[in-house]
1. Between residue 179 and residue 77, take the C-beta separation as r, use R0 = 41 Å, and let me know the FRET efficiency to the nearest 0.05.
2. What translational diffusion coefficient, in µm²/s and rounded to a whole number, does the Stokes-Einstein relation yield for segment 72-223 at 20 °C and a viscosity of 1.002 mPa s, taking the hydrodynamic radius as the Kirkwood radius over Cα pairs?
3. What FRET efficiency do you get for residue 143 and residue 49 if R0 is 25 Å and r is their Cβ-Cβ distance, rounded to the nearest 0.05?
4. State the extension gain, in nm to one decimal, for the chain segment bounded by residue 40 and residue 239, taking 0.36 nm per residue of separation less the distance between their alpha-carbons.
5. Measure out, as a whole number of angstrom, how far apart the alpha-carbon centroids of segment 61-85 and segment 113-155 sit.
6. Under a crude label model (7 Å from the Cα following the beta-carbon direction), how far is residue 211 from residue 264 in nanometres?
7. Among 184-193, 136-145, what's the highest-first ranking by average C-beta atoms within 10 angstrom per residue?
8. Suppose R0 equals 41 Å; then what is the FRET efficiency for residue 287 and residue 249 from their Cβ-Cβ distance, rounded to the nearest 0.05?
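Only the coordinates and a few stated rules stand behind these numbers; no lab work does. Since the structure is predicted, the reported quantities are computational estimates derived from the model, not experimental observations. Virtual Cβ from ideal backbone geometry, glycine too; neighbours counted across all protein chains shown.
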Ligand SMILES: [Zn+2]
């Protein structure tokens, strides 16, 4: 029986990074680049389009820049073969399906595989709008496998949290209510047939899940780490796992993080999501989620912002 526990754990890390972005008022979309070979998180990225005022600073590009800085020696920065052989062994875990721009960049780099949470309805380049990852017209050699639906509703839930915060800063702020995000159903799951071949589906999700591939109609059931059992996010992530994210301190305002800060932070993070039962249904009934109080969202200090901008390098 194929289990997807590792894939869920690494996806939970990407989700946590996205949550940290939310806590600094940035769009909660994030990714981690992971090496299956060395079981190591290579880098992470979260959207930086608001703070940098640069619409191309997507999570994927930030993570890619860090890989170039830390893993690709300078003399190979323009060596396509070297870069491709490096990225062929890298898996990207991202909370939202990569957009068309990022999908193209990932293809040029020769990324090994992509695993994502929810579909990107407007700009998705891995099957929703275009299928850059699986295009048989050009650059076929760099096609990559892309698998969605891992921690999908959680990715949507973070975006909902973000949008209610946005609404609150409108000229006539609404009364903040949990109701705005509580017990709200999610858009249907991917129609997997649209996104990948049957072979690709069964190689990743396992043949025993193949009824999900052929699902006709609206698929409201989530993928779970183990077929026949549900999950709760707290079973997938803990402080030890979070500490495997390189430069974790940069996710915190002013770069300060202690174990007790992390503990409290993880606790808050876990309260934002519903459990999923063994049938892949969201348990809205028995669990209450929280809305992040605006007071907890910390704007970045000027000094930190200055340092970050100085350290940032242009896109490779
Ligand atoms: Zn993008």
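1. Values: r = 51 Å, r/R0 = 1.24.
According to the calculation, E is roughly 0.20.
2. Working: Rh = 17.2 Å.
For the chosen part, D equals 124 µm²/s.
3. Values: r = 28 Å, r/R0 = 1.11.
Calculated value: 0.35.
4. Details: separation 199, 0.36 × 199 = 71.64 nm, distance 1.56 nm.
Stretched out fully, the residue 40 to residue 239 stretch lengthens by 70.1 nm.
5. Distance between centres, Cα-based: 22 Å.
6. Distance between the two pseudo-spin positions: 4.7 nm.
7. Details: 184-193: 16.3, 136-145: 12.6.
My ranking of the peptides, most packed first, is 184-193, 136-145.
8. Working: r = 31 Å, r/R0 = 0.77.
Rounded to the nearest 0.05, the efficiency is 0.85.
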